[in-house]
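Read-outs throughout are calculated quantities, based only on the coordinates presented, and are distinct from any laboratory measurement. Note that the structure is predicted; figures quoted are calculated from it, not measured. Glycine gets a Cβ as well: all are built from the backbone with ideal geometry, and neighbour counts include every protein chain shown.
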C-alpha cells in the first residue's frame, strides 16, 4: 500500500522556538496533502489543505502565521510551528491523497507528537 | 457544514462478543464513507470504505453498509478479538477533488480475553 512518512515522530522544544515537521509520500505523488491536529482522546481536526505549488488553505480558527505550511514538491509537505507555546503541544498528523481525488482514501503518516516546554 | 457523529466510548467487550459502533453523518450530496482504525502507538489505517448508497465495505471481519435513508454507516463485527482493541474513527469525504476527510470523535474499543 501507499506509504506516508512523517518526521520527527516526537519532538520536545522550548517555548518560543520553531519546529518543522515533514510529511513525505514515499511511493506516490500527492498533489494534495492535509494536516490534522489530534488532541488527547479527541478526534482529528483538519488544520489546512496543502496543494503543491500553491498556498495552503487554512481552516477557520487556524492561525496561518503560526502554522506555516509549504508543499514544495509532489512528495513533500512541511508544517512549521512558529514561536511554539505549551498550548501548541499536540499530535500532528499529515495525510496524502492518491488516485481518484473524489473517492480515494487518504493515507496517513505516523504522526508527530510535539511537546512544548 | 459536514459532520460525523459516532457513539461515545469506551466500548468494553469480551472476546468473541458482537460489536456495533454507530456512526451517522451530515453532508451535502453523497459523500464517500470510511472507517479508520488507530492501534496503540500506530498511525491511522483504513479499515473499510463505501462510496455509494447500499454499498457494503468489509475487511478483517468488520462490515459497514452505506445507508442513505438513515445517513448512517454503522460498524459491525460478529466476533471481536483482543487484537481488535483500538480507536475507531468514522469519516466522510465529499466528492470533490482535493477535499479532506471529516472525522468523528473516535470510539475506543477494549477487548478482554
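Brief remarks on what is shown
- For chain B: relative contact order, % (alpha-carbon pairs under 8 angstrom, 6 or more apart): 36
- Using the Cβ-Cβ distance between residue A:80 and residue B:110 with R0 = 30 Å, the FRET efficiency computed as 1/(1 + (r/R0)^6) comes to roughly 0.25.
- Within 10 Å of each Cβ in A:36-43, the average number of Cβ atoms from other chains: 4
- Entry note, segment A:17-83: relative contact order of 39 percent, from Cα contacts under 8 Å with a spacing of 6+ residues.
- Distance between the pseudo-spin-label points of residue B:15 and residue A:51 (7 Å out from Cα toward the beta carbon): 5.1 nm.
- A Förster distance of 25 Å, applied to the separation of the beta-carbon atoms of residue B:54 and residue B:22, puts the FRET efficiency at 0.85.
- Alpha-carbon centroid distance for the pair segment B:1-50 / segment B:61-113, whole angstrom: 2
- Relative contact order [Cα under 8 Å, 6+ residues apart], chain A, whole percent: 36
- Estimated FRET transfer efficiency when R0 is 25 angstrom, pair residue A:59-residue B:96 (beta carbons, to 0.05): 0.95
- Rounded if a/c under 1.5, otherwise prolate or oblate - chain A, Cα gyration tensor axes: prolate
- Ascending count of other beta-carbon atoms within 10 Å, so fewest first, for A:85, A:7: A:85, A:7
- The convex hull defined by the C-alpha atoms of the protein assembly as shown has an orientation-averaged projected area of 12.2 nm².
- Candidates A:54, A:73, A:89, ranked by Gaussian network fluctuation over chain A, Cα under 10 Å, top entry: A:54
- Each listed q (0.15, 0.16, 0.22 Å⁻¹) maps to a log10 I(q)/I(0) for chain B from the Debye sum over equal C-alpha point scatterers, namely -0.59, -0.67, -1.21.
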